[in-house]
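Heads up, the thing below is written out as structure tokens.
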Amino acid sequence: MSEAPPMVLRLRGVRCASSWSRFTAPPMVYISGEEMSRYTMELIMDKWVKPSVDISKWEFYDLSCKERDATNDQVLKDAVAAGARIGSIFKEPTITPTKKQMASMGLSRPLGSPNGLMRRGWNGITISRDTIHIPGIELGFKRPVLFERHAVGGEYGAGWKKVGKGRVLTTFFPESMDEGKPIIVDGREVKDDRSCVVVYDNPLDNVEDLAHIFFQRCLEAKVVPYVVTKKTVFKWQEGFWQIMKEVFDAKYKADFLQAGLLEKTHGELQHLISDAATMQIIRWTDGGFGMACHNYDGDMLTDEVAQVHRSPGFITSNLIGKREDGALIKEFEASHGTVADLWHAHLRGEETSMNPLGMVVALLGSMDHAAALAQDPKAIEVTSHFTKCCQAAVYEAFRSGKGTRDMAGPEGSTTEQFVNTVAEDLLRRLESPDGTVLAEMAAEGSAPKVKVSRKFRRNYKVDEGKMQAMFARFDTDGNGKIDFEEFVELALELGIAPLEDDAIQAEMEQAEHKADLEAARGRVRATAEFVDMSCGARQPMRKPPDMAGLRILLLQTLKGCSLGRPFWAQATSGCRHLLIANYLPSNCGNVLELFAAESVDRSLLTAERELRVARAAGFSSLRVFLHEELFYQDGTAFLGRISRFLALFQRHGMSAMLVLFDACWRPDMPDAGEHLPGVHNSAWVQCPTHDVLRAFAESQDWAHERLQRYVTEVVRFFADDPRVVVWDIYNEPTQRQSEHLILPRLSALKSWPADQYPEHWMLDGPKLQAIMLLLEKAFTWARAAKPTQPLTTAIWEFPSPADSEDVKQFKEQLNQKLIDLSDVPSLHCYCPPSELDARLVELEALDRGPALVTEFMARPLDSTLTNSLPVLKRRGAPGYTWGLFSRQVQHPCGLEYLAQQ
């Protein structure tokens, strides 16, 4: 069957006479609703339908709140029974009344949503929600987007109770006790005084029917199919995916391959984690895809589709069920509500402009389905001619500027004017054999689509002053225009930048990894004892259990290897070893310059250039330092800047380790531009600076609250962000040399007296004691934010043969405490390969899995990429080389050296 030319709505295979006579429509159920949608449909029925269609076989049911209340909901039960018997239903939007609406309407009792009874009564399988497209007008998605939302089960069918402390036992009893014994589904202890227990099931018997409906519709619409679940965390969703995949492979895969619809998915049905689907809907604005998912995910994702595609008024919502004879029951409705604001304006005597497109498409769909159920060729012919002519008249009104004001602007039609305009054109079209053809658009090569401004929408509530401020933020050169580079930055910050195919795949895998990390967390910790090195007292300490699964997932996320095989198994079979690095853009001398409001745009542009090179060299993850001073100054704006960098990393296929605190180098803020040329880390600043650290050590409330809020808010903000794979709580917390190394440099720079330290600096023992106290607090605060990523802090100061026994024991106890605090062990090792290997062997003996080497590579100490990488690969340990690009921090650059090697 050949496809009609673009922009043509032509009835294929049917020739209608030039004369038109009123016809009797096959039986269907018509359900009336409330408010503006009901008023508009009454106009449409009177002006469009009744003059041309005998609707005497239709059954009408009034589901207004007052009628439901007056009949004790018998009218709802009757409507459901009629729908099950007839099989085709049109429903106007209805109201589920709030307490306030109950009072204003004088209702005697609460009324629930009718949807649950309808889905049960019609054996609901799926709710099909598709984008509506008007030929010649661009609304949002350029091509169709199809959705199948499982119509039963999940959260919407949940039973729940508020409870207190106690125990919960969920038990399944077979329908016949002869078929098996009761099964305990779950047992748990409820430890909170206030809690809520929820129970629901996910029925699977009708998923096969859903699969057939979905794949047939995708083939007909020529769109790429995807199945969306969160099965890596919610294991009970695996069955939905398995059934969809089995039906696809057995019945439809060959047809999709022949149609060329699986090229983007490498010839297979693609599964998407719901998190990834959320992002792709925003990015895939060309459309041309379909998604099948569970009940709740379908509700949430189709709301997102509606926003991209202008509004819910341009989305269909069709419930599909099944009769006992196998015929499909279809209920058609719009995705929007009763439009109360326009109704109240209408009651006040004001002009209104109600766009009925969603309801019209639903009405015409129900008429076509009723004709198909009648199995009468003549009924199908005349019904189809009427619905096609009506659709063409509606589309033509929008295309000719006679549409409602949400599409045509202030000069558009009122509700009544639009209905009258379409009514006149419909009568003309019904008399014409070419009534389904849109005027002046029947030929190939028609004009480009018109994009209608979203400012015309009735609910346009945009603060244009804030929009101007946003524009100015991205118009970095102040010329009143957004050039390409500025547009790239805007798209990156909003998360809508189109990704390369391999980056899309990496993002999807990362979403899978994130979900697996969530499933593997289980931070239940046993009590152990440790020696508190800050004060010598023995205190209880939370020690991690075996988290091998979590560490494997972490390693795979860092590398980007596929799940299913241990990382070290892949490494030994040809998978290139991890190349990961500590990173600061070369224009920055410290973290403050990286994230400060006045320099972040420049840093992002520098990073954009540098990461292209780094990714090409094979780097897959970066370690980035943060600073509490920036959070103290800018709060959530600082979090937004971190997110911009994470989005940039993600676009280049890289993940991140974020470092919260740091004990190295300058104890105070440097003056602006205060760098020592050629001196390593000359502007690097400790976090917190010593004035804050000293106040914390002295138990000053403001310092405690400031640092706690920093840790809690930062970790909570990114707690389930797949772009962050691990938290480094404190960099080299036992570092006591920095102040002594940096003082001569600062004395020369600032003309300080030699060997005279500022009074507020904390040195040696007092510094160590303060940091160890803060370190333990920081781990507690971070865990309270419930991150899905593991926490670590690196050991770096190792006993040496020259140490006395007391010093050796001191270092060993310090390192043991850092390991006990960490979920995954980590270390710094600027040392020859033999010593690196020995350190990794020592950590392997702890049976905590491979360690993270979060800093290495110092050429004067015989620590290079070429001699360290073989050790790291052999031990299965990721290693973060210190630095990438030479300039203000690194001298010389590690990446340049790598290229030479």
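The values are calculated or read from the model by the stated rules, or taken from the named source; none is laboratory data. Keep in mind the model is a prediction, meaning the values are calculated, not measured. Cβ sites come from the backbone with ideal geometry, for glycine too, and all protein chains shown count toward neighbours. For the accessible areas, the whole protein counts, side chains as well, though only heavy atoms, and no ligand, DNA or RNA atoms are used. Shrake-Rupley method; radii C 1.70, N 1.55, O 1.52, S 1.80 Å.
Brief remarks on what is shown
- Considering residues of segment 274-326 that are of a type in the set (Asp, Glu) and open to solvent by 50 Å² or more (accessible area, probe 1.4 Å) only, the residue farthest from the chain's Cα centre (by Cα): ASP325
- Qualifying residue in segment 328-335 (condition: out of contact with any helix residue (DSSP H, G or I) (no Cβ under 6 Å at 6 or more places or on another chain), open to solvent by 10 Å² or more (accessible area, probe 1.4 Å) and not in a helix (DSSP H, G or I)): yes
- Condition broken by PHE60, with the remaining ones in (1) in a strand (DSSP E or B); (2) surrounded by 22 or more Cβ atoms within 10 Å (Cβ to Cβ); (3) not β-branched (Val, Ile, Thr) satisfied: (2)
- Tally, over segment 161-190, of residues that are in contact (Cβ under 8 Å) with a residue 24 or more places away in the chain and more than 28 Å from TYR296 (Cα to Cα): 2
- Residue list for segment 379-409, restricted to those being of a type outside the set (Gly, Ala, Ser), free of Cβ contacts under 8 Å to residues at least 24 places away in the same chain and either open to solvent by 20 Å² or more (accessible area, probe 1.4 Å) or more than 21 Å from HIS133 (Cβ to Cβ) (or both): ILE380, LYS402
- Residue in segment 71-89 that is in a strand (DSSP E or B) and in contact with a helix residue (DSSP H, G or I) (Cβ under 7 Å, 6 or more places away or on another chain) present: yes
- Selection count, segment 132-155, where residues are acidic (Asp, Glu) and either crowded, with 21+ Cβ neighbours inside 10 Å or part of a loop (DSSP other than H, G, I, E, B) (or both): 1
- So ARG120, is it without any contact (Cβ under 8 Å) to a residue 60 or more places away in the chain and open to solvent by 40 Å² or more (accessible area, probe 1.4 Å): yes
- Within segment 72-125, tally of residues that are closer than 24 Å to MET359 by Cβ, among the hydroxyl-bearing types (Ser, Thr, Tyr) and modelled with pLDDT under 95: 3
- Close pairs from segment 734-746: first free of Cβ contacts under 8 Å to residues at least 12 places away in the same chain and closer than 22 Å to LYS817 by Cα, partner hydrophobic (A, V, I, L, M, F, W, C) and not in a helix (DSSP H, G or I), Cβ under 6 Å, at least 6 apart: none
- Positions within segment 440-487 being modelled with pLDDT under 70, surrounded by 13 or more Cβ atoms within 10 Å (Cβ to Cβ) and not hydroxyl-bearing (Ser, Thr, Tyr), in sequence order: GLU440, MET441, ALA442, LYS449, VAL452, ARG454, PHE456, ARG457, ARG458
- Filtering LEU827, LEU861, LEU821 for residues that are closer than 17 Å to GLU732 by Cβ and in contact with a strand residue (DSSP E or B) (Cβ under 7 Å, 6 or more places away or on another chain) leaves a single hit, LEU827.
- Number of residues in segment 285-319 that are without any contact (Cβ under 8 Å) to a residue 40 or more places away in the chain and over 20 Å from GLY153 (Cβ atoms): the value is 3.
- In segment 44-57, the residues that are open to solvent by 10 Å² or more (accessible area, probe 1.4 Å) form Cβ pairs under 7 Å with partners that are part of a loop (DSSP other than H, G, I, E, B) and at pLDDT below 95, at six or more places apart or across chains, as follows: ASP54/ARG22.
- Single match in ALA372, ALA393 (criterion: modelled with pLDDT of 95 or more, over 31 Å from the mean Cα position of the chain (by Cα) and either outside any helix (DSSP H, G or I) or over 28 Å from ASP209 (Cβ atoms) (or both)): ALA393
- Residues being farther than 18 Å from ALA597 by Cβ and open to solvent by less than 10 Å² (accessible area, probe 1.4 Å) - total across segment 626-656: 4
- Residue match in segment 728-746 (condition: of a type in the set (A, V, I, L, M, F, W, C), closer than 30 Å to THR232 by Cα and surrounded by 14 or more Cβ atoms within 10 Å (Cβ to Cβ)): yes
- Taking each residue of segment 127-139 that is over 23 Å from ALA408 (Cα atoms) and looking for partners that are at pLDDT below 90 with beta-carbon atoms closer than 6 Å, six or more apart or interchain, yields ARG129/THR302.
- Boolean, LYS245 is touching a residue at least 40 places away in the same chain (Cβ under 8 Å) and open to solvent by 40 Å² or more (accessible area, probe 1.4 Å): no
- When PRO670 is tested against (1) touching a helix residue (DSSP H, G or I) at 6+ places or on another chain (Cβ under 6 Å); (2) part of a loop (DSSP other than H, G, I, E, B), just one condition goes unmet, and that condition is (1).
- The set of residues in segment 795-841 being in a strand (DSSP E or B) and touching a Lys or Arg at 6+ places or on another chain (Cβ under 7 Å) consists of LEU827 alone.
- Subset of segment 606-619 (residues that are small (Gly, Ala, Ser) and open to solvent by 10 Å² or more (accessible area, probe 1.4 Å)): ALA616, ALA617, GLY618
- Odd one out for TRP20, checked against (1) surrounded by fewer than 16 Cβ atoms within 10 Å (Cβ to Cβ); (2) at pLDDT below 95: (1)
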